[in-house]
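The values are calculated or read from the model by the stated rules, or taken from the named source; none is laboratory data. Note that the structure is predicted; figures quoted are calculated from it, not measured. Please note: Cβ atoms are built from the backbone with ideal geometry, for glycine as well, and neighbour counts cover all protein chains shown.
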Amino acid sequence: DIQMTQSPASLSASLGETVTIECRASEDIYNGLAWYQQKPGKSPQLLIYNANSLHTGVPSRFSGSGSGTQYSLKINSLQSEDVASYFCQQYYDYPFTFGSGTKLEIK
Amino acid sequence: EVQLVESGGGLVQPGRSMKLSCAASGFTFNNYDMAWVCQAPKKGLEWVATISYDGSSTYYRDSVKGRFTISRDNAKSTLYLQMDSLRSEDTATYYCARQDGSLVWFAYWGQGTLVTVSS
């Protein structure tokens, strides 16, 4: 199975700041990576697919980058509504696997 | 608007069975692969199973192979997960999700249904 190592586990930042979340795959996943946002008590929502493509309706302050085994999610100009947990997921091969998540809070 | 509505969760004893349903609307159901993803309380996400758009192919995580069965009824736009021989470690919220193809991301998710396996 492909292991996804996500960091940091938690993050606290101020409104307007830029934050970055990292995800490392145990082998090359050829950009088969998605990022999801899960607000408290809600289901996950797709943000980014194919490592860097923005899903419909997602604000442009979210962006994804990376290749091979290293990927990142960047959130520019942090807003209060961005308080959530964020998960990466590889879909290059079955079984699909997720990172352990990053909990983002506002300072 | 894409809608996925899960039902069928609840409290069940270890070793017993439970069947989850997911009613889909707002898109052409038989054009999409569908999946179940679970999340244990206060934990991360785990993919459970996927079924192809026509039901001809299914895929499972190792821990549920032989115990869970994913199926679909395209005429009713409904996805199912039959869960047998349930274990305490199966306790989780189960989400139904639409895949935008084979070996791709989960584009839309339902609100989830909680399954609690306990005596």
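Scanning region A:26-45 for residues that are closer than 20 Å to B:GLN39 by Cβ, surrounded by 14 or more Cβ atoms within 10 Å (Cβ to Cβ) and either touching a residue at least 24 places away in the same chain (Cβ under 8 Å) or touching a Ser or Thr at 6+ places or on another chain (Cβ under 9 Å) (or both) yields A:LEU33, A:ALA34, A:TRP35, A:TYR36, A:GLN37, A:GLN38, A:SER43, A:PRO44. Quick one: is A:THR56 free of Cβ contacts under 8 Å to residues at least 12 places away in the same chain and of a type outside the set (Gly, Ala, Ser)? So A:THR56 fits the description; yes.
Taking first residues from region B:3-26 that are on the phi < 0 side of the Ramachandran plot and partners that are surrounded by fewer than 16 Cβ atoms within 10 Å (Cβ to Cβ) and among the aliphatic types (A, V, I, L, M), the Cβ contacts under 6 Å between residues at least 6 apart in sequence or on separate chains come to B:GLY9/B:LEU114; B:ALA23/B:VAL5. The strands (runs of 3 or more DSSP E) located wholly in region A:37-90 that include 3 or more residues which are at the interface with chain B (Cβ under 10 Å from one of its Cβ atoms) and either under 11 Å from the mean Cα position of the chain (by Cα) or of a type in the set (Val, Ile, Thr) (or both) occupy A:45-49, A:84-90. Candidates in region B:97-119 are the residues that are assigned to a strand (DSSP E or B) and polar (S, T, N, Q); of these, the one that is farthest from B:LEU86 (Cα to Cα) is B:GLN99.
Counting only strands (runs of 3 or more DSSP E) that fall entirely inside region B:7-67 and contain at least 1 residues that are modelled with pLDDT of 95 or more, under 30 Å from A:ALA84 (Cβ atoms) and within 11 Å of chain A (Cβ to nearest Cβ), the qualifying elements are B:33-39, B:45-51, B:58-60.
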